[in-house]
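Trainee: Below you will find the structure I want to go over with you.
The values are calculated or read from the model by the stated rules, or taken from the named source; none is laboratory data. These figures come from a predicted structure and were not determined experimentally. We place every Cβ from the backbone using ideal geometry, glycine too, and count neighbours over all the protein chains shown. These accessible areas exclude ligands, DNA and RNA; they are computed on the full protein's heavy atoms, side chains included. Shrake-Rupley method; radii C 1.70, N 1.55, O 1.52, S 1.80 Å.
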Amino acid sequence: MNFITKHDEKPKITLSDFFGQIYETDQDELPKFKIFIEGNWVFSKDGSTFDVESPIDNSIIARASRATLEDSKNAVRAAYENKQKIREIPAIERLLIFEKARELLLQHKDEVVNVLITELGKTLKGAEGEVHATAERLKLAMEEARKIYGEYIPGDWVEDTVGKFSLVVREPIGVVLTITPFNYPLFIASAKIIPALVSGNAVVAKPSSDTPITLLLFARILEAAGIPSGTLNVVTGGGKEVGDALVASNEISMISFTGSTDVGNRIANIAGIKKLHLELGGKTAAIVLGDADLDLAARKCVEGALKNSGQRCDGISRILVQEKVADAFVRKTLGEVEKWTIGDPRDPNTKVGPLTNEAALKKVDRLVQDAIHKGAKLLKGGTYNKFYYSPTILDFVPLTADIAWEETFGPVVTVIRVKDLDEAIQVANKSKYGLDSAVFTNSFYNAWKAAKLLQDGEITINDAPAHGVGNFPFGGVKESGIGREGLGYSIDEMTTIKTIVFNLEPAGLGKAKKH
């Protein structure tokens, strides 16, 4: 494993006075972070905490409050009782709040980047990219707001509504619970919180316990930007008891969750009658056909497989390559993987950092070893040091291998050889997931056929899937979830339609019915 080492310094979280109220320093000189309820930064009711470890070296970098059941109830109550505050702010003033939040985020960019690197092991480039994407999402809040506009429907086109008209308006759904994963702790959380608040909802946010600190920083930024107290509440930690209580609460109107399919199913079973947006697991297939630009395909497939150490729901998790070009494609892939250096994420030359924890590492290695045992050819990698899994290439992966069907969530390029497009589509669609897929071809007809037949929420032609800031809507089918996210589309999910019908007869207006 070619490993880049930056220095021997222990990873450390360093924050300015701007963030001073969100934590205290404990006896071990570690920051001890609070939760955010009804505009107040407080420790959990019983004072309990949990350790936050850095995957850079597995050292403890902070402690975060472990919210109690009472804390979670207080957060929901605060959001429910204060939801009118955000709704009553004129929309243009809400947008000004997000404009201010963007300024504050960019002012404190280095601190946020440091936390992303330290608590997640994200590379410097990746952390900077996540901050800038979040700043762009805040900038595009105006574009989000356009989806809140209503609609006028004349009644005289249909016999039973002649003499009437209706206004169809979008209104806030109420209180939105956001539950977000470890891999993009700033951007995914912000991409839920921003549209929820823009559309006049209150929010209760729960981050992953692997990466809880980043969201607390974002909450502090929104607080300083002017979000009314109680309209944004953040609780950290908590196991099934707290999570289940939040999900089951009758005062929660909608749940927006990004994470595993298993947890998504649990949420759906507990939630009761409330709106659900679930972005769940994925098993992106990249189909590489004989007429593809192989240099482009190899570069994009490797990027799609290794970016963020492979810890992405839209990451390329299997490559279905047409047999007649498979040898050439694999040679080019080997050359591309050589460019992806692994090491300390604080080093600007590092492109692949550590996996988030030991469980993630063990899962990736299990999948790789199972594939080799069942006949796959290991061309590169397959080794690890602590939480760092080397960029790996598997060729001739059989369909009996677990890695052909399970989410990998690690830096593995998985090559499955197929005869033609029809077989590729058949293999791709056998997956229980349906989030993303990609097709590399120079034939419009092959691209169109694949796009029509693949059972996924988004199909990308001649590039690796990337949801980005959400300019294009994304979301899954099958066990990859329900609902769509993206600029404006998130607003659709987080608002409810109200139809107001006017009868014009009392005023003698409108067209009269023929008798």
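Trainee: If T284 satisfies all but one of (1) surrounded by fewer than 24 Cβ atoms within 10 Å (Cβ to Cβ); (2) closer than 30 Å to A196 by Cβ; (3) touching a Cys at 6+ places or on another chain (Cβ under 9 Å); (4) not aliphatic (A, V, I, L, M), what's the number of the condition it fails?
Mentor: If we test T284 against (1) surrounded by fewer than 24 Cβ atoms within 10 Å (Cβ to Cβ); (2) closer than 30 Å to A196 by Cβ; (3) touching a Cys at 6+ places or on another chain (Cβ under 9 Å); (4) not aliphatic (A, V, I, L, M), just (1) comes out false.
Trainee: Any chance you could count how many residues in the range 398-424 are within 26 Å of N446 (Cβ to Cβ) and open to solvent by 10 Å² or more (accessible area, probe 1.4 Å)?
Mentor: 9
Trainee: Would you pick out the residues in the range 455-475 that are among the small types (G, A, S) and open to solvent by 40 Å² or more (accessible area, probe 1.4 Å)?
Mentor: A466, G468
Trainee: Could you check the range 341-366 and list, in sequence order, the residues that are more than 21 Å from the chain's Cα centre (by Cα) and either more than 23 Å from G126 (Cβ to Cβ) or exposed (fewer than 15 other Cβ atoms within 10 Å of the Cβ) (or both)?
Mentor: Hits for the range 341-366 are P348, N349, E358, K362, R366.
Trainee: Just need a number here: residues in the range 81-98 that are among the basic types (K, R) and open to solvent by 60 Å² or more (accessible area, probe 1.4 Å).
Mentor: So the answer is 2.
Trainee: A follow-up question, please. From A101, A67, A78, which residue is assigned to a helix (DSSP H, G or I), crowded, with 20+ Cβ neighbours inside 10 Å and in contact with a Gly (Cβ under 8 Å, 6 or more places away or on another chain)?
Mentor: Exactly one of A101, A67, A78 is assigned to a helix (DSSP H, G or I), crowded, with 20+ Cβ neighbours inside 10 Å and in contact with a Gly (Cβ under 8 Å, 6 or more places away or on another chain), namely A78.
Trainee: Continuing with the same structure: Search the range 333-344 for residues that are at negative phi and aromatic (F, W, Y) and pair each with any residue that is assigned to a helix (DSSP H, G or I) and open to solvent by less than 10 Å² (accessible area, probe 1.4 Å) when their beta-carbon atoms are under 8 Å apart and the residues are at least 6 apart or on different chains.
Mentor: Short answer, once both residue conditions are applied: W340/V302; W340/L306.
Trainee: Which pairs do you get when a residue that is free of Cβ contacts under 8 Å to residues at least 40 places away in the same chain, found in the range 270-285, comes within reach of a residue that is among the hydroxyl-bearing types (S, T, Y) and surrounded by fewer than 24 Cβ atoms within 10 Å (Cβ to Cβ), reach meaning Cβ atoms under 7 angstrom, with the pair 6+ apart or on two chains?
Mentor: These pairs meet every condition: K274/S253.
Trainee: Could you tell me whether any residue of the range 253-262 is under 17 Å from L69 (Cα atoms) and either assigned to a strand (DSSP E or B) or among the acidic types (D, E) (or both)?
Mentor: Filtering the range 253-262 down to residues under 17 Å from L69 (Cα atoms) leaves none.
No, there is no match, as no residue in the range 253-262 is under 17 Å from L69 (Cα atoms) and either assigned to a strand (DSSP E or B) or among the acidic types (D, E) (or both).
Trainee: For the range 51-64, enumerate the residues that are buried (at least 16 other Cβ atoms within 10 Å of the Cβ) and either under 22 Å from Q21 (Cα atoms) or out of contact with any strand residue (DSSP E or B) (no Cβ under 9 Å at 6 or more places or on another chain) (or both).
Mentor: First, pick out the residues of the range 51-64 that are buried (at least 16 other Cβ atoms within 10 Å of the Cβ): 52-57, 61-64.
Those that are buried (at least 16 other Cβ atoms within 10 Å of the Cβ) and either under 22 Å from Q21 (Cα atoms) or out of contact with any strand residue (DSSP E or B) (no Cβ under 9 Å at 6 or more places or on another chain) (or both): V52, E53, I56, D57, I61, A62, R63, A64.
Trainee: For the list (1) hydrophobic (A, V, I, L, M, F, W, C); (2) open to solvent by 40 Å² or more (accessible area, probe 1.4 Å); (3) part of a loop (DSSP other than H, G, I, E, B), I need the number of the one condition that L334 fails.
Mentor: (3)
Trainee: So is E485 open to solvent by less than 40 Å² (accessible area, probe 1.4 Å), under 26 Å from the mean Cα position of the chain (by Cα) and either at pLDDT below 95 or not small (G, A, S) (or both) or not?
Mentor: yes
Trainee: Condition test on I316, is it touching a Cys at 6+ places or on another chain (Cβ under 9 Å) and either surrounded by 24 or more Cβ atoms within 10 Å (Cβ to Cβ) or closer than 19 Å to Y445 by Cβ (or both)?
Mentor: Numbers: touching a Cys at 6+ places or on another chain (Cβ under 9 Å): yes; either surrounded by 24 or more Cβ atoms within 10 Å (Cβ to Cβ) or closer than 19 Å to Y445 by Cβ (or both): yes.
Against the criterion (touching a Cys at 6+ places or on another chain (Cβ under 9 Å) and either surrounded by 24 or more Cβ atoms within 10 Å (Cβ to Cβ) or closer than 19 Å to Y445 by Cβ (or both)), I316 qualifies.
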